[in-house]
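Let me begin by presenting the structure, written as structure tokens, before commenting on it.
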Amino acid sequence: MTTEYLTPFDPGEATVDLANKKFRKQILAKSKIRYDDHGQSRIINFDDAYLRDLVDNFHAGAMDQVPFQLADYANRHTDDPERTRGELVDLELTEDGLDGIFSLTEDGVKVIEANPKLAVSCKILPPHTRADEKKFGHHLKHVLRSE
């Protein structure tokens, strides 16, 4: 069974303020990460091809929205809409990974301004076919920031 992947927190560089509540932050570094998938260990290679797949599926609309979430009280991934502080509006491949461009709420801006180097993590979903028969490869479900 293929499952979702929660990436390790990536501190990357400090978040860059692009003005008008828009920010840029590295969300995934090029790397190889070992995952345990239902008792089987496997390595996911976050290389150019994998990251390009994430970008392409984002632009193709694999998700209606990719929220910028805050971790819950136990610093876990959550899809709770009350924890949403903005959304991912674009992705860009860079020499060393994948950068996200975010449009944030006022509260989201405060979180970033309080600690621009705070790490982020992504929830990545496996390939799927929607009810309208459109197929998508791996795609982002949300980008999470711990408080």
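Here are a few things to note about the model shown:
- Ordering Leu70, His128, Tyr35 by the projection of their Cα atoms onto the charge dipole of the chain, which places +1 on the Cβ of Lys and Arg and -1 on the Cβ of Asp and Glu, puts Tyr35 at the extreme positive end.
- Scaling the Cα radius of gyration of the chain by the globular reference 2.2 N^0.38 Å produces a ratio of 1.01.
- Residues with amide H under 5 Å from that of Val120, placed H, sequence gap 5 or more: Asp10
- From largest to smallest, the equivalent ellipsoid semi-axes obtained for the stretch 70-140 from the alpha-carbon gyration tensor read 25, 17, 12 Å.
- Using the empirical formula 2.2 N^0.38 Å as the baseline, the Cα radius of gyration of the stretch 32-118 reaches a ratio of 1.25.
- Angle in degrees between helix 48-59 and the longest Cα principal axis of the chain, rounded to the nearest 10: 70 degrees
- Derived scalar couplings between HN and Hα for the stretch 126-131 equal x, x, 7, 10, 6, 4 Hz in order, rounded to whole Hz, by the Karplus curve 6.51 cos²θ - 1.76 cosθ + 1.60 (θ = phi - 60°), x for Gly and Pro.
- Three-way shape call for the stretch 100-147 based on the alpha-carbon gyration tensor, with the a/c threshold at 1.5: prolate
Each reported figure results from applying straightforward, stated rules to the coordinates on display, with no laboratory input. Predicted, not measured: the structure shown is a model, and the values here were computed from it. Cβ sites come from the backbone with ideal geometry, for glycine too, and all protein chains shown count toward neighbours.
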